[in-house]
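Okay, so here's the structure we're looking at.
Laboratory data are not the source of any read-out in this text; all were calculated from the coordinates shown. Computed from a predicted structure; not experimentally measured. Neighbour counts run over all protein chains shown; Cβ positions are idealised from the backbone, glycine included.
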Amino acid sequence: MDIEIAVRVDGADHRLTVDARTTVLDLLRERLGVTSPKKGCDHGQCGACTVLLDGRRVNSCLALAVAHDGAQIVTAAGLAATAEPADGDGLHPVQRAFVERDAFQCGYCTPGQVVSAVGMLREAAAGWPSAVSVPGDEGTVVLDEAEVRERMSGNLCRCGAYANIVPAILDAARR
Amino acid sequence: MRSLRYARATDAAEAVRLLVDAPDGAYLGGGTNLVDLMKLGVVEPGLLVDVRRLTSDRVERRGDGGLTIGAAVPNSDLAADPLIRTRYPVLSQALLAGASGQLRNAATTAGNLLQRTRCGYFQDVTTACNKREPGSGCSAIDGQQREMAVLGASTQCVATHPSDMAVALAALDASVHTTGPSGRRTIPVTELHRLPGDEPWRDTVLEHGELITAVELPPLPFATTSRYRKVRDRASYAFALVSAAAALHVEGGVVRDVRLALGGVAHKPWRARRLEEALRGLPASADNFAAAADAELSAAQPLPGNAFKLPLARNVIVRLLSDLAADRPYGDPA
């Protein structure tokens, strides 16, 4: 069954017809040519496909495009435009921190890591707790290494670059 | 490839009608489990009725002091809700112990309850599985038994229910509100999921087309002293081998009341009523917690590959209740 939907991807509006089983990830990569979200596992286990969907980080491989008609989607390629203040090099502060900390090896998981980190920092700023937060400490989140590792556990890095990913995210959190 | 139709109903009654007319139809919430199962070929719905924007996505106070959770409340929002965190911390902790940040942002409350088992054989269409293909056999009973059930299983199926949230809801005496072809009803969470018996393909008591519209949390004042404890094969983002949700009311060193449910051990969240009865009125000591755990687990029938779950469950229970007994007790002024 084909259905017409409209989405805004990294600031650009698109209207197109998709089969009902098309995921947001396939919509982005195969239909719109937006290839920064990666298809790692295609089962919601690796996080390489992470995008911001109406401001929240989600696995785009498990979201059906037809269920998100009218959505605003931000991928790693569009992150810099959302940053304030804008970076002279066209990088979001989290992307800059990843470069400075050498927080990747092969780079395949990196767009998902970066988008996930941006979403995670917003969640922490909103006071959302995590499994390692101290119960009863409502409203404030102090990000440390344990918090970042727990909150980023949905993004796997097969190169094992976590040793630099965690400091990069902590750098970005302090900016 | 089969054609897939997609529909968005304007209200719950229309959603129910759409599914009643489509025996191969399914409700779509956040999709985090259903879309995955469609990719794996485990389920092949011909129609998806999108109910994510149909039911409430808010947590609201009830007149009786309890809370009503809309079926579409995302797991993230529920875990972060100030009323949940202060009145029912075990529920917030259970949610945060499950899945990943991305999945919790997409997954809904009703969808979490209705997620399917993560039994590896259920998810692998090349193997026999009575839950996926009735009558084909159970590959797990003589296969990889590590994650399987130790309580309430049958010769047909030894799968476990994967939800952490449902374990907390079972301990808290929550119930689900549904609307379906036979009208509306309210079902305790402890009676929503089934034991496998000889119909392991039926996860719940819901009939086809019955829609969960909300979850009701009754008032439980001593749930301010409640916790969730989960043991798994890695530190985060893994399903439970064993988990436990509990609320404890200790007064003068004696257990006045207790609620406890186990996860990872059965086809449903396992409410430990035998343990609760055994503990009421006894001193809140590790020995008594252990004896009550043994009473609860005495009915277990583990497989050789998951017998470790019994001492694990016992230890999780003792540690959880000991931690709660050491917390500032309910009713004790700060």
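Taken over the stretch A:2-78, the ratio of Cα radius of gyration to 2.2 N^0.38 Å equals 0.96. Residue exposure proxy: A:Ile5, B:Ile69, ordered by other Cβ atoms within 10 angstrom of their Cβ from fewest to most, comes out as A:Ile5, B:Ile69.
Applied to the stretch B:226-236, the Karplus parametrisation 6.51 cos²θ - 1.76 cosθ + 1.60 on θ = phi - 60° returns per-residue 3J(HN,Hα) values of 9, 8, 10, 10, 10, 10, 8, 7, 9, 5, 8 Hz, with x for Gly and Pro.
Inter-chain neighbour count for A:121-130: the average number of beta-carbon atoms from partner chains within 10 Å of each residue's beta-carbon is 3. Across chain A, the volume of the C-alpha convex hull divided among the residues equals 118 Å³ per residue.
Using amide H atoms built 1.01 Å from N in the peptide plane, name the residues 5+ places from B:Val255, or on other chains, whose amide H lies under 5 Å from its own. Residues meeting the amide H criterion: B:Gly281, B:Leu282, B:Ala284. For the stretch B:5-47, compute Rh as the Kirkwood radius over C-alpha pairs and then the Stokes-Einstein diffusion coefficient at 25 °C and 0.890 mPa s; write the answer in µm²/s, rounded to an integer. For the chosen part, D equals 224 µm²/s.
Its Cα gyration tensor gives the stretch A:79-174 an equivalent ellipsoid; the semi-axes, largest first and in whole Å, are 22, 17, 10.
Label positions at B:Leu40 and B:Asp233, each projected 7 Å from the Cα along the C-beta direction, are separated by 1.4 nm.
Neighbouring Cβ atoms from other chains, within 10 Å of the Cβ of residues in A:142-150, number 1 on average. Treating each Cα of chain B as an identical point scatterer and summing with the Debye formula, the log10 of I(q)/I(0) at q = 0.06, 0.10, 0.16 Å⁻¹ comes to -0.20, -0.57, -1.42. Set the Förster distance to 35 Å, then compute FRET efficiency between B:Thr86 and A:Tyr162 from the Cβ-Cβ distance, nearest 0.05. The computed FRET efficiency comes out at 0.55.
Computed from backbone phi, the HN-Hα couplings of the stretch B:207-223 come to 8, 4, x, 6, 10, 6, 9, 6, 10, 9, 9, x, x, 8, x, 6, 5 Hz, rounded to whole numbers (Karplus: 6.51 cos²θ - 1.76 cosθ + 1.60, θ = phi - 60°; Gly and Pro given as x). The equivalent ellipsoid of the protein assembly as shown has semi-axes of 36, 29, 22 Å, largest first, where each one is the square root of 5 times an eigenvalue of the Cα gyration tensor.
Extending 7 Å from Cα along the Cβ direction at B:Asp124 and again at A:Arg174 yields two label points whose distance is 4.7 nm.
Over the Cα atoms of the stretch B:221-326, the radius of gyration divided by the Kirkwood radius equals 0.96; this is the Rg/Rh ratio. The mean count of C-beta atoms from other chains within 10 Å of the C-beta of residues in B:103-115, rounded to a whole number, is 3. Look at where the Cα atoms of the stretch B:183-197 and of the stretch B:1-47 average out, and the two centres are 21 Å apart.
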